[in-house]
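A quick write-up on the structure given underneath.
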Amino acid sequence: MVLVRVNEMPVIATVSLHFSGQQGFAWWGVVALAAGIALGVYSWLHLRQAVPDSPTTAHEPMPWTAMIAAAVAIIYGLTVLIFPTTREIFIAVLFTFAIAGLAVWLFYKRVYQVLGKRRILSLFSLRLAGMAFILLLMFQPVLAWITVPHNMPSLGIMIDASGSMSVNDQPNEPSRYLLSVQAAHMLIHNLKGHFAVKCFAYDGIHNAPLTSPAQWTAIAPDGKLTDLPAAIKLAVNSGVHQLVLFSDGIQNGPTKLRTLAHLPIRVYPVRVGSTSTHARGVPQIEIVRVNGPQTAPVDTQVTLTTLIRSSAFNDRTIHVYLMQGKKTLAQHRLVLHSGPVPQTVQFKFTPQKVGRLVLTARIPVDPAERTTAGNKQQFPMLITNPKIAVLYLEGRIRPEVGPLEQDLSTDPNVDLVSLIQTRPGYFMVRGANKHLTALPDTLAQWQQFKVIILGDVRSSFLTRGQQDQLKEVIRNGAGFIMIGGQQNFASGDWGQSDLASAFPIHLQSVQPPQLDSAFVPQLTAFGAQSPIFQGIATWFNTPGGAPAKNQLPKLAGCVAFAAAKPGATVLLTDPEAQVGGRPAIVLAVQHYGKGRAAAFAADTTYRWQLALRTMGLRSPYHRFWGQLIRWLAGESKIKTSKGSSVTAMIRRERYDTGHMVHLRVEVTDARGQLTRYAHVSAVMTGPDGKARVVALHARYSNIGMYTRNFMPPVPGHYHLVFTALRHGKTLGTDSTDFYVIAAVGEMDKLAAEPQTLQRIASITRGSYSELSGINALGRRLKASISHENQVQRTSFPLYNNKLFFVLFIASLTLEWFLRRKWQLQ
């Protein structure tokens, strides 16, 4: 080895001798085996031809020497053919040459006494030279002049030695760590002579390069943390500018990947391990997720579906529990069928209380499990009062329609579907039920609704079949109301319809059919006690005729009803008008079968809404219609909202690192109605104690709902305080918490994450590889070496030249000539 300069650059030059004939099948083993057999036959024939009684025969060493050499040659030949690891080429050359020399010596030993020492030595040398030339032609020696750059490029090879690398992804397969070690040794062999390789293992303990690749096998993959950026910085601090990183990509350390952007290193990550969320060789039970409604009505059965996946626990029986705090709501016995497809367990329970509820699906820990992180999962819910499905059918667009439709659609406890006829047979459809685009014409369609409102429509608006279906629905528990208009009640021929029996009033014609004088409704004694007017009775004249305490805009007349039916109850009257000698009926109600029915004579209640809102005053409009709908539905215990509110709804309370958090808030305004016109924000306090403000945006497809997707920057506990403002006034606040779980338990997360490794490659301008592509990576690394830093090799084949051939012919010819001259065969 010498130090020379090539193009003014210092390089290390070495001379190398190798044998290209050693590639492929170990043919020299066959040669040694054949030579051994030949020597054995020779010695056997020599001993057989010897004179039995000759005193020199027993002491003749030549046949026994040949016999020993034959045995050695046969053993060596068989060993080389059977065990590839014994095929050392230099030993093969020396052994074959020695066997050839022994054969030549035995050949000429018999004529030693005849020729003498000088002649024997000459023939032996010529024959041995010929054999040597033949062997050199067979082994094909190549002399090489190799120049290696004095400053060979460095390459680091780092193996992730964290706990997740100890996993066997398949039964009877080496662990991820051992697979990485094997691949790293293969890569080092392929890159030998091209890079100055430094070896690393990152487990939080080894903070310097390893002394040799063999040290990898002495390291146990049991690191408690995987901080890949910190591992890469360790290589940079050791002078490495290119790094091959073997890892499963499970990053759970505190260092951010973006800190790699300015490091002077190019990283080539190699993904090891399965991306399956559960390693099949690891005993594990995991609750994948809990599916169910995010909100549910109180006193209604709720079904939650729990997805459970297991590995290495086939046919094991477990119990799955649904818990609320320490209380067990339900339990289920499950026989595990381990595999990639989750099993399902359904829990049914009935919430008894309105409010936020946190449920927990739990599986007792089995001692054989590697980690207990997946044995429970929380599922938060918001329990609300039940929503009332309302169908509003209107025959024409009129002033009462818009405000009533708006009011009911913003009621938190009402699901409204409205069909407003714009011209005969054509309807403007609004509401949550997207499948209903025309009037219901089957019993099943009517049964979807708990309350049906008929507006200004004639009896011909519904066919006899539709009327019969509607009557059947009311008898079975639905609510029904018709509100005042120009072409309904008696004027719309409803007295002759099949639905007439459901009305709480007689539908005979009265003259005049409309009462035009303005009035403030007066409560009857029954009306003052009715839940329909709970909390708003002071807006109406008292049963004794005293004026209302609160000034209410007058209604612009009403329909004239003939009289109430015997079983009906009158709740409101018009004190300014008489029909049949009695105060005109404004609101009458009755029970009809299991259902309830109402007749409301007025159609200008929108005045209550618009006039008072214009003056900035509160109005009984929302509570009147809300409580009337609830009474018709038989749900008077569902209180109408008395004011503004903010209700936070987060689907989960625990999230894995890197998962999006969906923030949802429902907002009602000062009238207790859902509103899309508020400014909603959340003050979020993270694990570092710093607060940040995020804005939520209204969802126009869902009135009153505000949403925002948020990616938590770091693991830990987050506290949120939601605030809604309108016109500078606070509508309300609500708070909630969620947790972002870091996989600090190294075995909490076993699925390889190639996305992390791909991002590392992108940030550091390297390239990503799978473990199966390790050879291709080696070729790319060799190709990346600049020409001046590449190992230069100049070869001189010693076997493929004319001089060798001339010397071979000359040695054999001269030996033949001398043998003839000295009269030898």
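The values are calculated or read from the model by the stated rules, or taken from the named source; none is laboratory data. Nothing here was measured: the structure is a model prediction, and the numbers come from that model. For neighbour counting, all protein chains shown are included, and Cβ atoms are generated from backbone atoms with ideal geometry for every residue, glycine included. Quick note on the areas: whole protein, heavy atoms, side chains included, nothing else; ligands and nucleic acids left out. Shrake-Rupley method; radii C 1.70, N 1.55, O 1.52, S 1.80 Å.
A few comments on the model shown:
- Flag if Asn541 is more than 20 Å from Gln508 (Cα to Cα), of a type outside the set (D, E, K, R) and more than 60 Å from the chain's Cα centre (by Cα): yes
- Scanning the range 591-626 for residues that are open to solvent by 20 Å² or more (accessible area, probe 1.4 Å) and modelled with pLDDT of 85 or more gives His591, Tyr592, Gly593, Lys594, Arg596, Asp603, Tyr606, Arg607, Arg623.
- Candidates Arg765, Arg779: the one that is within 16 Å of Gln242 (Cβ to Cβ), out of contact with any strand residue (DSSP E or B) (no Cβ under 7 Å at 6 or more places or on another chain), at pLDDT 90 or above and not hydrophobic (A, V, I, L, M, F, W, C) is Arg779.
- Listed by position, the helices (runs of 4 or more DSSP H) contained in the range 73-156 that have at least 3 residues being open to solvent by 30 Å² or more (accessible area, probe 1.4 Å), at pLDDT 70 or above and closer than 20 Å to Ala35 by Cα are 89-109, 117-139.
- In the range 177-207, of all residues being surrounded by fewer than 18 Cβ atoms within 10 Å (Cβ to Cβ) and touching a helix residue (DSSP H, G or I) at 6+ places or on another chain (Cβ under 8 Å), the one that is nearest to Gly253 (Cα to Cα) corresponds to Asn207.
- The set of residues from the range 291-314 being aliphatic (A, V, I, L, M) and open to solvent by 50 Å² or more (accessible area, probe 1.4 Å) comprises just one member, Ala312.
- Applying the criterion of being over 30 Å from Ser460 (Cβ atoms) and among the β-branched types (Val, Ile, Thr) to the residues of the range 373-397, the residue that is least open to solvent (accessible area, probe 1.4 Å) is Ile383.
- The number of residues in the range 338-372 that are touching a strand residue (DSSP E or B) at 6+ places or on another chain (Cβ under 8 Å), open to solvent by 40 Å² or more (accessible area, probe 1.4 Å), in contact (Cβ under 8 Å) with a residue 60 or more places away in the chain and not in a strand (DSSP E or B) comes to 2.
- From the options Leu210, Leu304, Leu243, residue that is of a type outside the set (Val, Ile, Thr) and not in a strand (DSSP E or B): Leu210
- Residue under evaluation Ser530, criteria (1) open to solvent by less than 20 Å² (accessible area, probe 1.4 Å); (2) modelled with pLDDT of 95 or more, criterion not met: (2)
- Residue check: Ile285 meets all listed conditions (1) surrounded by 13 or more Cβ atoms within 10 Å (Cβ to Cβ); (2) part of a loop (DSSP other than H, G, I, E, B) but one, namely (2).
- Tyr718 being open to solvent by less than 20 Å² (accessible area, probe 1.4 Å), part of a strand (DSSP E or B) and modelled with pLDDT under 85: no
- Residues in the range 630-655 that are in a strand (DSSP E or B), modelled with pLDDT under 80 and crowded, with 19+ Cβ neighbours inside 10 Å: Met649, Ile650, Tyr655.
- Screening Pro213, Pro269 for residues that are out of contact with any Asp or Glu (no Cβ under 8 Å at 6 or more places or on another chain), surrounded by 14 or more Cβ atoms within 10 Å (Cβ to Cβ) and closer than 24 Å to Thr657 by Cα leaves exactly one candidate, Pro269.
- Qualifying residues in the range 657-674 (those that are under 35 Å from the mean Cα position of the chain (by Cα) and open to solvent by 60 Å² or more (accessible area, probe 1.4 Å)) - the one modelled with the highest pLDDT: His662
- Inter-residue pairs, beta-carbon under 8 Å, first farther than 15 Å from Asn775 by Cα and of a type in the set (Lys, Arg) and in the range 186-199, second open to solvent by less than 40 Å² (accessible area, probe 1.4 Å) and outside any loop (DSSP other than H, G, I, E, B), 6+ apart: Lys198/Ser154; Lys198/Leu155; Lys198/Gly156; Lys198/Ile157; Lys198/Ala235
- Given (1) among the β-branched types (Val, Ile, Thr); (2) within 27 Å of Gly778 (Cα to Cα); (3) surrounded by fewer than 23 Cβ atoms within 10 Å (Cβ to Cβ), index of the condition Ile232 fails: (3)
- Selection of the range 363-415 for residues being within 30 Å of Tyr321 (Cβ to Cβ), touching an Asp or Glu at 6+ places or on another chain (Cβ under 6 Å) and small (Gly, Ala, Ser) yields Ala373, Gly374.
- Taking every residue in the range 442-463 that is assigned to a helix (DSSP H, G or I) and pairing it with any residue that is surrounded by 15 or more Cβ atoms within 10 Å (Cβ to Cβ) and β-branched (Val, Ile, Thr), at least 6 positions away or on another chain, the pairs with Cβ-Cβ distances below 6 Å are Trp446/Val473.
- Taken as a whole, the condition of being closer than 18 Å to Val272 by Cα, without any contact (Cβ under 8 Å) to a residue 60 or more places away in the chain and either touching a Gly at 6+ places or on another chain (Cβ under 6 Å) or not hydroxyl-bearing (Ser, Thr, Tyr) (or both) does not apply to Ala214.
- Qualifying residue in the range 157-169 (condition: modelled with pLDDT under 85 and open to solvent by 60 Å² or more (accessible area, probe 1.4 Å)): no
- Val473 falls short on exactly one of the conditions (1) more than 30 Å from Tyr700 (Cα to Cα); (2) part of a loop (DSSP other than H, G, I, E, B), and that condition is (2).
- Taken over the range 538-550, the criterion of being surrounded by fewer than 20 Cβ atoms within 10 Å (Cβ to Cβ) and either in contact (Cβ under 8 Å) with a residue 40 or more places away in the chain or in contact with a helix residue (DSSP H, G or I) (Cβ under 8 Å, 6 or more places away or on another chain) (or both) is satisfied by Thr542, Pro543, Ala548, Lys549, Asn550.
- Scanning the range 192-207 for residues that are at pLDDT 90 or above and either under 18 Å from Ala783 (Cα atoms) or assigned to a helix (DSSP H, G or I) (or both) yields one hit, Val197.
- Among the residues of this structure, Ala577 counts as one that is modelled with pLDDT under 95, open to solvent by less than 40 Å² (accessible area, probe 1.4 Å), in contact with a Leu (Cβ under 6 Å, 6 or more places away or on another chain) and of a type outside the set (Ser, Thr, Tyr).
- Top-ranked residue of the range 417-470 - restricted to ones that are in contact with a Leu (Cβ under 8 Å, 6 or more places away or on another chain) and of a type in the set (Val, Ile, Thr), ranked as most open to solvent (accessible area, probe 1.4 Å): Val429
- Members of the range 373-414 found to be assigned to a loop (DSSP other than H, G, I, E, B), touching a residue at least 40 places away in the same chain (Cβ under 8 Å) and not basic (Lys, Arg), listed by number: Ala373, Gly374, Asn375, Asn385, Pro386, Gly395, Pro399, Glu400, Thr410, Asp411, Pro412, Asn413
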